[in-house]
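Undergrad: Before we start, here is the structure in question, set down as structure tokens.
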Amino acid sequence: MKSDFRKTQCECLLEAFKMAAYNPWHSGGPGRWLSVPAIMALGIAQYNARIFDLRKAGYVIKCWKEWSETERRYHSAYRIERYPAPVDTGAREKEAVT
């Protein structure tokens, strides 16, 4: 893995999702939601593009939105529901041989 100052925005976002998902008091299922302000604090201004990239890589990321009547705006958060299936390199090698 690259050192912290060389991580891509996708790597930083994925690490934040993993940190949010780890909750020792949570009994199974997906972890906690990562709010948009928390994502913005990572320095990822184009977070929708990075979420799109992670989805394209096989991650299932859910979005939660709630309208705040008092603030007259939406509050949004994201979490990873499912990680991509591991790639079976052995199957590819068998196909190449046959």
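Undergrad: Kindly evaluate ARG82 against the criterion of being at pLDDT 85 or above and not hydrophobic (A, V, I, L, M, F, W, C).
TA: On the way: at pLDDT 85 or above: yes; not hydrophobic (A, V, I, L, M, F, W, C): yes.
Yes, satisfied.
Undergrad: Of all the residues that make up the stretch 58-89, how many are in a loop (DSSP other than H, G, I, E, B) and surrounded by 13 or more Cβ atoms within 10 Å (Cβ to Cβ)?
TA: Qualifying residue count, the stretch 58-89: 2.
Undergrad: Pairs needed: first member in the stretch 42-57, assigned to a loop (DSSP other than H, G, I, E, B); second member anywhere, loosely packed, with under 13 Cβ neighbours inside 10 Å; C-beta distance under 8 Å; at least 6 residues apart or different chains.
TA: If the second residue must be loosely packed, with under 13 Cβ neighbours inside 10 Å, the pairs left are ALA57/PRO84.
The values are calculated or read from the model by the stated rules, or taken from the named source; none is laboratory data. Computed from a predicted model, the values in this text were never measured in an experiment. So basically every Cβ, Gly included, is an ideal-geometry build from the backbone, and we count neighbours across all protein chains shown.
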